[in-house]
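Only one structure is covered here, and it is reproduced in the block below.
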């Protein structure tokens, strides 16, 4: 079954892609599925709750596709999609996951060169066979190889939401208060490898509870158990209560952090391992039930997990100069949210209510501009009409909606809406959504041109990366930060688990240069608002204090900053 609108839309969109892959010549048939996918994705009502008559009432959905939607809701697919999938090699659709490879490209590669898999494409590119196809050349071969490398690198790691789901399933059979998730997950990295958990419970008891929920029990032991859950590896390390703090520090810190911490212990006449500290003279062994007590023994305050990377945090801790990192309690609102006016699912009223439930003072309404055609973005009249609706909702809302836009940065660096429209908005986000493979100089000049516009307040998802398929575009970030600071433009920390953009080294650099950063979930539906936690974690990894983050300002201060 496919319950959410997003699930249903993905099946419809996949059908449109497969039609093009197989060479469907009826463009209207392809567009019908694409249009239906957009309408389903943007519907404020779950289509799983609608009968076929109600589905047909949605613009862009006819009786035929309504039946297919009903089938997707019941079974997860529909006959025509299953039949089309049976006509193509099983490995062919995976090519669509590569950045810059669309269905028409897959069709040409398949028909002209017999390419049926990513491995086939890699071999063809390396042997220079791609350039033999009209319209492809040496540059295209290089782009294919780059996309393959990016896809493989990302495919071995989980997005944050995927990792959250795995952790939640394993945690459901563990006793609260007896375990802690460690590793890159706890450090808050943008993507996560295996999940590491430290547990104080009995191995026998935990293993018995894991078996019913695990895809596979890789190994079971008294010190470590490894399982596969939701297709991902989870390693559980067992320890007694006395050594819990030592083990948690050992399994949380990066390799470089742990090396530096061991070196510090040696300087103090101690030997550090996962079980505790041993005095090098006399051999007395000390165990630690919590992290703070071990850090204190080494002369350190508790170093937040997010910055345990050996990037100067130990030296700063020794000097008593660690930053006070931003936390959830300092966040007053979300600065990037989409509504049902374009490609979101929430109305203005629903967003205001959701913001109030989260205790927010404000939410920035930042729908797409009309130049991003696939989202039915807003033109000048649409922005004006939305502004009036925002005023109406704000009369009765505890959480105030801010009038904004996510305006497209066009190929020449101009913006997708005129200045007279942008000037009437509270806050303007400018983002690149097309031409993502431009040369470094071209992309840099394009973004700098947009930053020169006085109405641009925030540069949205600055590097354009998208997990797992799309790497950051080539960009002179040093120059971008320099100009952004000069123009008092903030850089966005986009908290979508598929973007996580900026990444923490760039956040740290921006913060050190004195730039302000904003956190936006890029939410399209209610549950996406919870991704603010990812943005906060990224900000913490970038050493940000509350004063570095726009979202910690109250509404009046924020509007004064943007004016």
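What the table below lists for this structure:
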read-out	value
Of the criteria (1) touching a helix residue (DSSP H, G or I) at 6+ places or on another chain (Cβ under 7 Å); (2) under 17 Å from residue 183 (Cα atoms); (3) in a helix (DSSP H, G or I), which one residue 256 fails	(1)
Residue satisfying condition, being out of contact with any helix residue (DSSP H, G or I) (no Cβ under 9 Å at 6 or more places or on another chain) and under 21 Å from residue 551 (Cα atoms), within set 499, 446, 488	499
Residue count for the stretch 282-331, restricted to those that are outside any helix (DSSP H, G or I), at negative phi and free of Cβ contacts under 8 Å to residues at least 40 places away in the same chain	11
In the stretch 222-251, the residues that are over 25 Å from residue 291 (Cα atoms) and either outside any loop (DSSP other than H, G, I, E, B) or without any contact (Cβ under 8 Å) to a residue 60 or more places away in the chain (or both)	227, 228, 229, 231, 232, 233
Entirely in the stretch 1-104, the helices (runs of 4 or more DSSP H) that have 1 or more residues that are touching a residue at least 60 places away in the same chain (Cβ under 8 Å)	5-21, 27-42, 63-75, 79-86
Residues that are touching a residue at least 12 places away in the same chain (Cβ under 8 Å) and part of a helix (DSSP H, G or I), drawn from the stretch 484-504	484, 485, 504
Residue under evaluation residue 554, criteria (1) modelled with pLDDT of 95 or more; (2) more than 19 Å from residue 429 (Cβ to Cβ); (3) in contact with a helix residue (DSSP H, G or I) (Cβ under 9 Å, 6 or more places away or on another chain), criterion not met	(3)
Residue list for the stretch 427-440, restricted to those being surrounded by fewer than 22 Cβ atoms within 10 Å (Cβ to Cβ) and farther than 21 Å from residue 509 by Cα	433, 434, 435, 436, 437, 438, 439
Residue in the stretch 281-289 that is surrounded by 15 or more Cβ atoms within 10 Å (Cβ to Cβ), out of contact with any strand residue (DSSP E or B) (no Cβ under 7 Å at 6 or more places or on another chain), modelled with pLDDT of 95 or more and under 22 Å from residue 193 (Cβ atoms) present	no
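This table checks each residue for (1) farther than 26 Å from residue 35 by Cα; (2) assigned to a helix (DSSP H, G or I); (3) in contact with a strand residue (DSSP E or B) (Cβ under 7 Å, 6 or more places away or on another chain); (4) touching a residue at least 24 places away in the same chain (Cβ under 8 Å).
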{"site": "381", "(1), (2), (3), (4)": "no, yes, no, no"}
{"site": "388", "(1), (2), (3), (4)": "yes, yes, no, no"}
{"site": "392", "(1), (2), (3), (4)": "yes, yes, no, no"}
{"site": "401", "(1), (2), (3), (4)": "yes, no, yes, yes"}
{"site": "412", "(1), (2), (3), (4)": "yes, no, no, yes"}
{"site": "435", "(1), (2), (3), (4)": "no, no, no, yes"}
{"site": "447", "(1), (2), (3), (4)": "yes, yes, yes, yes"}
{"site": "450", "(1), (2), (3), (4)": "yes, yes, yes, yes"}
{"site": "455", "(1), (2), (3), (4)": "yes, no, yes, yes"}
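Rundown of residues vs (1) assigned by TED's automatic domain parsing to the domain that holds residue 271; (2) crowded, with 20+ Cβ neighbours inside 10 Å, yes/no style:
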residue: 206; (1), (2): no, yes
residue: 212; (1), (2): no, no
residue: 215; (1), (2): no, no
residue: 218; (1), (2): no, no
residue: 223; (1), (2): no, no
residue: 228; (1), (2): no, no
residue: 234; (1), (2): no, yes
residue: 248; (1), (2): yes, yes
residue: 251; (1), (2): yes, yes
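The values are calculated or read from the model by the stated rules, or taken from the named source; none is laboratory data. All values derive from a computational prediction rather than experimental measurement. Glycine also receives a Cβ, built like all others from the backbone with ideal geometry; neighbour counts cover every protein chain displayed.
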